[in-house]
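Visitor: Structure incoming, see below.
Nothing in this text is a laboratory measurement; each read-out follows from the coordinates by a stated rule. None of the values given here were measured: they were computed from a predicted structure. Cβ sites come from the backbone with ideal geometry, for glycine too, and all protein chains shown count toward neighbours.
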Amino acid sequence: MTSQAQRPLACIVLAAGKGTRMKSRLPKVLHEVAGRPMVRHALDAAGDLAPERVVVVVGPGMDAVRDAVAPHPVAVQAEQRGTADAVLAARGALEGFAGDVIVLYGDTPLVTPETLRALRDARAAADDPAVVVLGMRPDEPGAYGRLVTDGTGRLEAIVEFLDASEEQRAIGLCNAGLMAFDGARMWDLLDRIGSDNAKGEFYLTDAVAVARSLGHACRVVEGPAGEVVGVNSRVELAEVERLLQERLRRRAMEEGATLVDPGTVWLAADTRLGRDVVIGPNVFFGPGVEVADGVEILAFCHLEGVRIAEGARIGPFARLRPGAEIGPDCHVGNFVEVKNARLGRGAKANHLSYIGDAAVGERANIGAGTITCNYDGYLKHRTEIGAGAFIGSNTALVAPVSVGAGAVVAAGSVVTAEVPDDALAIARGRQRVLDGGGARLRERGKAAKAAKTGQAPSGT
Ligand code: UD1
Ligand code: MG
């Protein structure tokens, strides 16, 4: 269905549930899926429709949720008296708003913008429905509310499972939980909802029967049951994570990345992969990773908060931490950790290094075992390495320190002072060679052992 001139949109996200079954100090909706709190997934899906207003309904004392959903305002539902009561808590925040209002749940993070759009579009139907409900046909309808229709697709009522007759329980079409309302009529409908039901709660679902009794049309839009899987326990959290990972992996591949063994690649909701990116098995993406075209990420890498430019090769076994910026065509190899550091085009750190709080110039070569000593126990300090510099293996760069462009640092150095451009720094004990010294040492050792054990010296 195409929409005419669209009315303004508001979204209400219900998140007041205590989530007792999570057995957690953290409010349920702050548990993460694909590296992002559940409630943010709902907000992101809503955000895709560019709503004019968004309100999140929370329980008392859920300040952490308030922080997580900022800059959107929260409304506090003082007591959990049912979904209609929860929506009513948002009334003040939507004062004067009369467009479309979509209600979604903070604990169903798989909802897509397409589904929200379908609900909104249905609001524009010719019969001007006061309420549009997302319906689904799950394999196991279980305790979901059942949608009672008149046979022509018009919705008459939603009956909660506990209040349903045997006949109603046999209905396969269920309430997924998402609803779109005409904001101009919504508050009046909600004011008329009572709590005379099995749970003694104010059911948002009763808005349908109330609307029908006032002669307003109501509609169902059918959507995929897989999108409204809710999370009430950690087992369900893991299941939702699995479903979302599958979706993210498929999308990554559809957009031109090769996942050699997709099931072992862990993505974050905001992972951005360019074309012809190749990702080996067992790679983990935390939040905030952007990978440009043609990058190769070999097996067993752990990445978070990093930008990787085109043509770079990462891993195997690399760890890129927040603030890392890997330039074009860089190589970052095994057991290299990079944190808050920029590597210029073509720079290489192939083995066993820590590069933190640093800038590495173009084509610089960081030898195996190079460590930027960025922390003195109190403060962090920066290391600057110029373009084309060569850092020998097993070098400690004691920050703050800089190595100039084209400079060479000898292997095993402990660099504590500036190395100018094109200079050679050797900061280690000078080697002494004593002719025959090795043999003499051996003889002395053997003699000492013989004196102690009382046996004649033998062998080597
Ligand atoms: C609700 C629907 C049911 C539907 C199901 C889909 C009602 C009455 N029933 O049932 O028809 O099939 O969702 O999953 O709406 N919440 C609050 N404050 C409250 C009560 C709930 O914020 O006072 C929030 C919860 O945190 C949750 C959401 O609203 O995010 C839904 O509440 P929940 O208790 O899960 O409703 P269900 O009984 O599952
Ligand atoms: Mg529920």
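Visitor: Counting other C-beta atoms within 10 Å, which of Lys28, Lys23, Lys380 has the fewest, and how do the rest follow?
Guide: Lys23, Lys380, Lys28
Visitor: Calculate for the chain the 222 nm mean residue ellipticity that helices alone would give, adding -39,500 (n - 2.57) per DSSP H run of length 4 or more and normalising by residue count, nearest 500 deg cm²/dmol.
Guide: So the helix-based figure for the chain works out to -6000 deg cm²/dmol.
Visitor: Once Lys and Arg get +1 and Asp and Glu get -1 on their Cβ, which of Gly256, Val76, Gly59 lies farthest toward the positive end of the dipole of the chain?
Guide: Sorting the options by dipole projection puts first Gly256.
Visitor: Kindly state, to the nearest 0.05, the FRET efficiency for Arg7 paired with Arg275, given R0 = 30 Å and r defined as their beta-carbon distance.
Guide: Calculated transfer efficiency: 0.20.
Visitor: Cα extents of segment 15-155 along the three principal axes, largest first, in whole Å?
Guide: Result, largest extent first: 47, 40, 30 Å.
Visitor: Provide the percentage of antiparallel DSSP beta bridges, counting only those with both residues in the chain; round to the nearest 5.
Guide: About 20 percent, rounded to the nearest 5.
Visitor: With both partners inside segment 4-228, how many of the DSSP beta bridges are antiparallel, as a percent to the nearest 5?
Guide: Looking only at bridges with both residues in segment 4-228, the antiparallel portion is about 45 percent.
Visitor: Principal axis lengths of segment 55-122 from Cα atoms, whole Å, largest first?
Guide: In descending order, the Cα extents are 35, 28, 25 Å.
Visitor: A further question on this structure: Work out the length of the dipole vector of segment 248-425 about its Cα centre, built from +1 on the beta-carbon of each Lys and Arg and -1 on the beta-carbon of each Asp and Glu, and round it to the nearest 20 debye.
Guide: For segment 248-425, the charge dipole is close to 320 debye.
Visitor: For segment 364-418, count the residues as N, evaluate 2.2 N^0.38 Å, and divide the Cα radius of gyration by that value, please.
Guide: Normalised by 2.2 N^0.38 Å, the Cα Rg of segment 364-418 equals 1.03.
Visitor: If you don't mind, there's one more thing I want to ask. Whole Å is fine, so just give me how far the alpha carbon centre of segment 414-460 lies from that of segment 95-159.
Guide: 80
Visitor: Next up: Note down the nm distance, to one decimal, between modelled labels 7 Å out along Cα→Cβ at Thr149 and at Ala70.
Guide: 4.5
Visitor: Where in segment 362-388 does the amide nitrogen come within less than 20 Å of the point 7 Å from the Cα of Glu418, taken along Cα to Cβ?
Guide: Counting only backbone N, you get 362, 373-374, 381-388.
Visitor: Which whole number of Å³ per residue matches the convex hull of the alpha-carbon atoms in segment 248-425?
Guide: 79
Visitor: So, one more: From the Cα gyration tensor of segment 173-298, with a ≥ b ≥ c the square roots of its eigenvalues, which class applies: rounded if a/c is under 1.5, or else prolate if a/b is larger than b/c, or else oblate?
Guide: prolate
Visitor: Still on this structure: Lysine pairs, Cα distance under 18 Å, 8 or more residues apart or cross-chain: how many in the chain?
Guide: Lysine pairs meeting the criterion: 4.
Visitor: OK, next. Are there any chymotrypsin sites (Phe, Trp or Tyr not before Pro) in segment 313-404 that are in a DSSP loop and have at most 14 other Cβ atoms within 10 Å? List them by number.
Guide: Answer in residue order: Tyr378.
Visitor: Related question: With unit charges on the beta carbons (Lys and Arg positive, Asp and Glu negative) and the dipole taken about the Cα centre of segment 4-228, which residue among Gly35, Leu49, Leu9 sits farthest to the positive side?
Guide: Comparing the listed Cα positions along the dipole, Gly35 ranks first.
Visitor: Sticking with this one: In terms of the Cα gyration tensor, with a ≥ b ≥ c the square roots of its eigenvalues, is segment 263-326 rounded because a/c is under 1.5, prolate because a/b exceeds b/c, or oblate?
Guide: Since a/c stays below 1.5, the shape of segment 263-326 is classed as rounded.
Visitor: How big is the Cα convex hull of the chain in projection, averaged over all directions, in nm²?
Guide: 33.9
Visitor: With the cut-off at 1.5 for a/c, could you classify segment 234-300 from its C-alpha gyration tensor as rounded, prolate or oblate?
Guide: Prolate.
Visitor: Show me 243-250, 298-305, 200-207 ranked by packing, highest mean number of other Cβ atoms within 10 Å first.
Guide: 200-207, 298-305, 243-250
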